[in-house]
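Beneath this line is the structure, given in C-alpha cells, with notes to follow.
None of the figures in this text is laboratory data; all of them are computed from the coordinates on show. Quick caveat: nothing in here was measured; it's all calculated off a predicted structure. In this analysis, Cβ positions are derived from the backbone assuming ideal geometry, glycine residues included, and neighbour counts consider all displayed protein chains.
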Amino acid sequence: MEELQTILDDIVTAARAEPDKGQVASYIPQLANIDPDQFGIAVCLAGGELVCAGDADTLFSIQSISKVFTTTIALGKLGDTLWQRVGREPSGDPFNSIIQLEHENGKPRNPFINAGAIAVVDAIMQGRQPKETLAEILAFIRWIANDEAIYIDDKVARSEVLTGDRNAALAHFMASCGRLSNNVDKVLGVYFHHCSVAMSCVQLARAAQFLVSDGVDLSTGARVLSTQRARRINSLMMMCGHYDGSGEFAYRVGLPGKSGVGGGIIAVVPDVASIAVWSPGLDKIGNSRLGTRALETLTRRTGWSVFGR
Ligand code: GLN
C-alpha cells in the first residue's frame, strides 16, 4: 500500500481544488454560517497511530454522528429489548421523514433516522431529567474519545430547538402511538443537545476506535461494548448510516459509516482503522459531498472496502 500520509494529503489537495463543495445545511441557522472551504481527515489505525491531513483539529457539529454513540449506550443499557422500540432496517426515506411512522404505528425503522434517534434518547432517559441524561451521553463520548474537553455547543443546540418543528412532529406522533415513556419536550431537548456536540476529525476517529476492534478500545484496553454488539453497530451503520443514500455509500465506499448534517462522516474498517472526515458542504440527501468522495478515494487506494479490493 502507498504511504497513508500521501493518500490523505492528495485527498485534501483534491478537495481544496474542487469548485462544487455542495451546500452547507441551512435549516439549522447556526450551521448555515459555516465556511464551506474547510476540509479535514483523520485515520486512527488499530495500533493507535493517528494519521491526519487538512483541518483535522477543527471542531464542527457532529450532528447525526452522535446517534452511533447514543445507540451504543442504549444497546449497553437495554440489550435486545431496544429493538422493541426501534427497528433495524434501512428506511429508504429522508432522515427527517414522517411517512413511515404512520404506516408502521410510530415505530421508527432504525436508530439513525431522526425518529429512531429520538426513540433511542427516550430509551436512555429512563425517567431521569434531561441534564442527567445529557451528562451521561457527554461522559460516554469523552470516555471513548479519551478527551475531557469535548463539549455541547449551546448555540447550535438553541438554534435546533428554535427550528425543530419537524423533529417535534416526529416525537409527538410517536408519543401519540404510545411509543415514548418520557415527556416529549424533555426527550427533544436531549436529542437536540446530543446532536450539537462539537468535535474534530481527530477526536471522532479516536471515539470510533472501539468499533474497529470488536468493542474494545485498544488504546486504553477498555471494553466499550460486547464483540457481538460492536459488530451490530457496524452493520447498522452500513445499512442505515447515510439514510436514503446508504446504498450509494456502500456502493462507492464499502464501509460501515455514519454521516451528520454538520458535514462529518465516521467510517470503520474492521480490524484496521477508524476514519473521520469533514467537509461542511452536503449533497441533496444531506451527506457530505466531498467527505464521501474522500472516503471513496481512500478505500480505492488502500483496498480497505469490506467488499474486497
Ligand atoms: N440535528 C439534526 C436534525 O435533527 C440531525 C440531522 C442529521 O445530521 N442528519 O435534523
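Worth pointing out:
- Here the contact order of segment 47-147, divided by its residue count and restricted to Cα pairs under 8 Å and six or more residues apart, works out to 28 percent.
- For the pair E132 and Y251, the difference between a 0.36 nm per residue extended length and the Cα-Cα distance amounts to 38.8 nm.
- Global geometry of segment 158-309, whether rounded, prolate or oblate, following the gyration tensor of its Cα atoms and the 1.5 cut on a/c: prolate
- Around the amide H of V197, modelled in the peptide plane, lie the amide H atoms of I62, Q63, D153, all under 5 Å away and 5 or more residues distant in sequence or on another chain.
- Between W83 and I34, the FRET efficiency from the beta-carbon distance, with R0 = 41 Å, is close to 0.70.
- log₁₀ of I(q)/I(0) at q = 0.12, 0.20 Å⁻¹ - segment 93-240, Debye sum with one point per alpha carbon: -0.55, -1.33
- Residue-averaged 222 nm ellipticity for the chain, from DSSP H runs of 4+ at -39500 (n - 2.57), nearest 500: -13500 deg cm²/dmol
- Of G127, G221, G262, the one that fluctuates the most in a GNM where the chain has Cα springs shorter than 10 Å: G221
- Within straight-line reach of K107, meaning a Cα separation under 17 Å, sit the following aspartates and glutamates at least 8 residues removed in sequence or on another chain: D80, E89, D93, D122.
- Kirkwood Rh and Cα Rg combined as Rg over Rh, evaluated for segment 21-140: 1.02
- Sorting the segments 202-209, 281-288, 72-79, 61-68 by their residues' average number of neighbouring beta-carbon atoms within 10 angstrom, most packed first, yields 61-68, 202-209, 281-288, 72-79.
- Two-site label geometry, I98 and D10: point separation in nm, points 7 Å out along Cα→Cβ: 4.8 nm
- Estimated distance in nm for a label pair at V184 and W143, the labels positioned 7 Å out from Cα along Cα-to-Cβ: 3.3 nm
- Paramagnetic label zone (point 7 Å from Cα along Cα-to-C-beta, E18; backbone N under 14 Å) in segment 238-275: 249, 252-253, 263-265
- Of the chymotrypsin sites (Phe, Trp or Tyr not before Pro) in segment 1-92, those whose Cβ has at most 15 other Cβ within 10 Å and which sit in DSSP loop: Y27
- According to the Cα-based calculation, Rg over Rh for the chain is 0.94, with Rh computed by the Kirkwood formula.
- When both segment 237-293 and segment 115-182 are represented by their alpha-carbon centers, they are found 22 Å apart.
- Neighbour counts of other Cβ atoms within 10 Å put I34, I275 in the fewest-to-most order I34, I275.
- Placing a label point 7 Å from the Cα of N105 along the Cα-to-Cβ direction, the residues of segment 140-175 whose backbone N falls under 20 Å from that point are 170-175.
- Structural descriptor for segment 167-254: relative contact order 13 percent, calculated from alpha carbon pairs under 8 angstrom and at least 6 residues apart.
- When the chain is treated as a GNM with alpha-carbon contacts under 10 Å, the residue of G291, G260, G22 showing the greatest mean-square fluctuation is G22.
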